[in-house]
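Everything below concerns the one structure shown next.
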Amino acid sequence: MAGAGCKRISFGLETATNSNLRNINKNATLEQYTTALRATRSAGIRTRFYMIWGLPWDNRETANALKLFIAQNQPDEWHLNTFIPFPGTPYWERPDTYGIEIVDRDFKHYYHLGRHARGAIVARNAYCSKDELEVLRDEIFAYILNLIPDKRVLYGMEV
């Protein structure tokens, strides 16, 4: 792929625990992501991780796991999104099944602009309040930004 001009591969990592990956039906493991990342890097291709914070099973432990995985694998670029249970999804239709409570149904809050991961937390889970999820998300964001400074994230620009 590098020989054909591929410059970057983006990985939909989403989360950094195998149990969360199973819960969202990702059909991949952290070990597979690590292997793919290393192969991509060895081919001279840049890497980007897309992650979601605030899944129904997220808590302090999963926040620490995400920070550790990023520290160990250091993608060239990253994007941290906030979990949003959109209408029509199982999370919206059956939140109790996932142990979440949708605490904000104002759709103006459902879209975060830019790349700063500061979209509103609109659901709490069985492990964390809305405020706790926000604090942990901001800790993750600051940790990753310090580890892997990214002007796209700081200034909301595409490069």
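Worth a mention:
- Asn146 vs. criteria surrounded by fewer than 17 Cβ atoms within 10 Å (Cβ to Cβ), out of contact with any strand residue (DSSP E or B) (no Cβ under 9 Å at 6 or more places or on another chain), modelled with pLDDT under 95 and part of a helix (DSSP H, G or I): yes
- A single entry from Ile9, Ile52, Ile100 fulfils the requirement of being closer than 18 Å to Cys128 by Cα, surrounded by 15 or more Cβ atoms within 10 Å (Cβ to Cβ), β-branched (Val, Ile, Thr) and without any contact (Cβ under 8 Å) to a residue 40 or more places away in the chain: Ile52.
- Unique match (being of a type in the set (Lys, Arg) and within 23 Å of Ile148 (Cβ to Cβ)) among Arg105, Arg94, Arg22, Arg48: Arg48
- Counting residues in segment 71-78 that are closer than 17 Å to Glu139 by Cβ, in a strand (DSSP E or B) and under 16 Å from the mean Cα position of the chain (by Cα) gives one or more.
- Meets criteria (at pLDDT below 90, among the acidic types (Asp, Glu) and farther than 19 Å from Phe141 by Cα) for Asp106: yes
- Of Arg115, Arg124, Arg94, Arg137, all but one fail to be at pLDDT below 90 and of a type in the set (Lys, Arg); the exception is Arg115.
- Residue under evaluation Asn20, criteria (1) under 15 Å from the mean Cα position of the chain (by Cα); (2) at positive phi; (3) not aliphatic (A, V, I, L, M), criterion not met: (2)
- Ala39 vs. criteria modelled with pLDDT of 95 or more, more than 22 Å from Pro149 (Cα to Cα) and part of a loop (DSSP other than H, G, I, E, B): no
Conditions tested, residue by residue: (1) within 18 Å of Pro85 (Cβ to Cβ); (2) out of contact with any Phe, Trp or Tyr (no Cβ under 8 Å at 6 or more places or on another chain); (3) at pLDDT 95 or above.
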{"position": "Ala2", "(1), (2), (3)": "no, yes, no"}
{"position": "Arg22", "(1), (2), (3)": "no, yes, yes"}
{"position": "Thr29", "(1), (2), (3)": "no, yes, yes"}
{"position": "Gly44", "(1), (2), (3)": "no, yes, yes"}
{"position": "Phe49", "(1), (2), (3)": "no, no, no"}
{"position": "Pro56", "(1), (2), (3)": "yes, no, yes"}
{"position": "Thr62", "(1), (2), (3)": "yes, yes, yes"}
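- Among the residues of segment 12-36, those identified as part of a helix (DSSP H, G or I) and in contact (Cβ under 8 Å) with a residue 40 or more places away in the chain are Asn20, Tyr33.
The values are calculated or read from the model by the stated rules, or taken from the named source; none is laboratory data. Please read these numbers as outputs of a predicted model, since none were measured by experiment. All Cβ positions, even for glycine, are placed from backbone atoms using ideal geometry, and neighbour counts span all protein chains on display.
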